[in-house]
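Written out below as C-alpha cells is the structure these notes cover.
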Amino acid sequence: MLSESITFFKSYNRNIKLLLLGNIFIQIGLGITAIIYNFYIRSLGYDDTMNGQIISLTSLATALFLLPAGIMGDRKGRKKILLFGLAAAGIYLCCSDRF
C-alpha cells in the first residue's frame, strides 16, 4: 500500500509535488498554532466555551470564503486565485502585529 502511494506520488508533475509538500508544512504549522492558541485562550482566563466559539467562528468564516473562492477560481483560473491567496496571506502575515 505504501509503495503504491510512493510510486503514484513520483508520477506527479514537479509543481504538484511542491504544492503538496508546501501544503503539508502549512497544515503542520496550522495544527501546532491551533493547539497553542487554545492554551493561550485558557491562559487569558477564558473557559472552554470561548475556545469552542472561536473554533466554530473560524470554521464558519472558512466556509463562507470557500464558496466565493471556488467561483472565482472557476471564472479567473485556479492558478491565479491560488497565487493571489498565497500572496495575500503572506503580505498579511508580514504586515500584521502577530509577530
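The values are calculated or read from the model by the stated rules, or taken from the named source; none is laboratory data. Predicted model only: the values in this text are computed from it and were never measured. Backbone-built Cβ (ideal geometry, glycine too); neighbour counts: all protein chains shown. Protein only, heavy atoms only, side chains kept; ligands, DNA and RNA dropped before computing areas. Shrake-Rupley method; radii C 1.70, N 1.55, O 1.52, S 1.80 Å.
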Test result for Asn23, in a helix (DSSP H, G or I), without any contact (Cβ under 8 Å) to a residue 40 or more places away in the chain and in contact with a helix residue (DSSP H, G or I) (Cβ under 8 Å, 6 or more places away or on another chain): no
Filtered residues of segment 71-93 (kept if over 19 Å from Leu18 (Cα atoms) and either open to solvent by 50 Å² or more (accessible area, probe 1.4 Å) or β-branched (Val, Ile, Thr) (or both)): Ile71, Met72, Asp74, Arg75, Lys76, Ile91, Tyr92, Leu93
Filtered residues of segment 52-62 (kept if open to solvent by less than 80 Å² (accessible area, probe 1.4 Å) and of a type outside the set (Ser, Thr, Tyr)): Gly52, Ile54, Ala61
Unmet criterion (only one of (1) within 30 Å of Ile6 (Cα to Cα); (2) under 12 Å from the mean Cα position of the chain (by Cα)) for Leu19: (2)
Filtered residue count, segment 35-54, keeping only those that are among the aliphatic types (A, V, I, L, M) and either within 17 Å of Ala89 (Cα to Cα) or out of contact with any helix residue (DSSP H, G or I) (no Cβ under 8 Å at 6 or more places or on another chain) (or both): 3
Criterion: in a helix (DSSP H, G or I), exposed (fewer than 10 other Cβ atoms within 10 Å of the Cβ) and polar (S, T, N, Q) - qualifying residue of Thr33, Thr49: Thr49
Close pairs from segment 44-55: first within 14 Å of Ala34 (Cβ to Cβ), partner in a helix (DSSP H, G or I) and open to solvent by less than 60 Å² (accessible area, probe 1.4 Å), Cβ under 7 Å, at least 6 apart: Asn51/Asn38; Asn51/Ile41; Ile54/Ile41
All positions within segment 36-46 that are open to solvent by 70 Å² or more (accessible area, probe 1.4 Å) and either in a helix (DSSP H, G or I) or among the β-branched types (Val, Ile, Thr) (or both): Ile36, Tyr37, Phe39, Tyr40, Arg42, Ser43
Whichever residue in segment 7-16 is surrounded by 10 or more Cβ atoms within 10 Å (Cβ to Cβ) and part of a helix (DSSP H, G or I) and, among such residues, is farthest from the chain's Cα centre (by Cα): Phe9
